[in-house]
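See below for the structure under consideration.
Bear in mind that the values in this text are calculations on the coordinates, not laboratory data. As the structure is a computational prediction, the values presented were derived from the model and not from experiment. Cβ atoms come from the backbone with ideal geometry, glycine included; neighbour counts cover every protein chain shown.
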Amino acid sequence: MSDTAAVISPRAIVWLSYRSSPLAISASVVVVVFLFGALLAPWLAPQDPFDPINLQLMNAFLPPAWASGGDPAFFLGTDDQGRDMLSAILYGSRISLFVGLAAVAFAAVLGVSIGLIAGYAGGWTEVILMRIADVQLTIPALLIALMVDGFARAALPPNIHDEIALYMLIFAIGIADWPQYARVVRSATLVQVQAGYVVQARLIGAPRRSIIFGHVLPNVMTSVLVLATLGLALAIIAEATLSFLGVGMPPTTPSLGTLIRIGNDFLFSGEWWITLFPSLALVLLALSVNLLGDWLRDALNPRLR
């Protein structure tokens, strides 16, 4: 039995774990549906909610198709601008997913680079870099993102800020999350540099770059992958939070958070669908990504095999 288990590759173990987890399968299906819906939004959406030509104020505040006064052409109803809510959610999910993925990629690249340098170099380099990370970890990530956006608004004209709002949002979320990656990678690097193959590579005079990127980095990527999956859900929620507070995407290019903020203004006047459906989409997307991250963490943990 032990001989059979020994020949099973880690990839096969992860696949078996995935096949035996209905929760992971369901979560991945939801994530794939959101990804395809976001990528194919121009072809799937009944309306382009960002094109003023397609908007008619006469269609504003229409309830869902199954409710009294609803229009079958607008299955989830319309908002205050006459935008089809289903189309707005598809396009909004597109922006939320892009911001989340880009912010996680930025934070991971920055954090992994700093963690590798700190763990491999050691000495004062490690002390300075890790103390910077520790100081930033004492400040809530949302507050850091708000500070970055505030500096950008003070330094840039309003029209330019709206044009680069997407990239500022990615930078604000990413710069707030890099310390987590740096600390995890630094700890893993400290373990790897003591391994026999790294010691031997140093003894034979292998270039430092070759050791870091050829030996150390591949062995710490498992932890980074799990952290990035869990961080994606947090990044999507952070984008929605910032947009809800009015410091994210402008109303002309709404994300899920912007749609929720717009709908919140009309919640108590009876137009509940404007904020309910984007909120449900956000919760479903973030929950599914988080469940995938939890499964991946357990599947890649050798103590739980």
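Once the mean of 1/r is taken over each pair of separate Cα atoms and inverted, segment 51-206 shows a Kirkwood hydrodynamic radius of 19.4 Å.
Just checking the listed ones, ASN264, ASN159, ASN59: in the Gaussian network model of the chain with Cα springs under 10 Å, the one fluctuating most is ASN159.
At 222 nm, what helix-only mean residue ellipticity would the chain give, in deg cm²/dmol to the nearest 500, using -39500 (n - 2.57) for each DSSP H run of four or more? If you can, show how the numbers build up before the last one.
Numbers: 14 runs with 214 residues, N = 305.
Calculated mean residue ellipticity at 222 nm is -23000 deg cm²/dmol.
Coupling constants for segment 43-52 follow from the phi torsions by the Karplus curve (6.51 cos²θ - 1.76 cosθ + 1.60, θ = phi - 60°), and in residue order they are 9, 8, 5, x, 8, 8, x, 9, 9, x Hz; glycine and proline get x. Tell me the net charge near LEU256. Cut-off is 11 Å between Cβ atoms, LEU256 excluded, with +1 for each Lys or Arg and -1 for each Asp or Glu. The answer is +1. For GLY122, nonlocal amide neighbours, meaning residues 5 or more places apart or on other chains whose placed amide H falls under 5 Å from its own, do not occur.
Label separation (SER26 vs GLN194): 4.3 nm, computed from points 7 Å beyond Cα along the C-beta direction.
Projecting the alpha carbon convex hull of the chain along each direction and taking the average yields 20.7 nm².
Working ranking of peptides 44-50, 131-137 by packing, defined as the average number of other Cβ atoms within 10 Å per residue, highest first, is 44-50, 131-137.
With the simple model of a label 7 Å out from the Cα in the direction of the Cβ, MET58 to LEU287 spans 4.0 nm.
Fully extending the segment from ARG19 to ASP51 would add 7.2 nm, taking 0.36 nm per residue of separation and subtracting the current Cα-Cα distance. Net charge near THR229: determine it from the other residues with C-beta under 14 Å of the C-beta of THR229, scoring Lys and Arg +1 and Asp and Glu -1. Overall, the nearby charge balance is -2. Which whole-number percent gives the relative contact order of the chain, counting Cα pairs below 8 Å spaced six or more residues apart? Dividing the mean separation by the residue count of the chain yields 22 percent. Taking the three principal axes of the alpha carbon atoms in segment 118-267, the coordinate ranges are 67, 29, 26 Å, sorted in descending order.
Placing +1 on the Cβ of every Lys and Arg and -1 on the Cβ of every Asp and Glu, with nothing else charged, gives the chain a dipole about its Cα centre of roughly 1500 debye. The value of relative contact order for segment 53-178, using C-alpha pairs under 8 Å at least six residues apart, is 21 percent.
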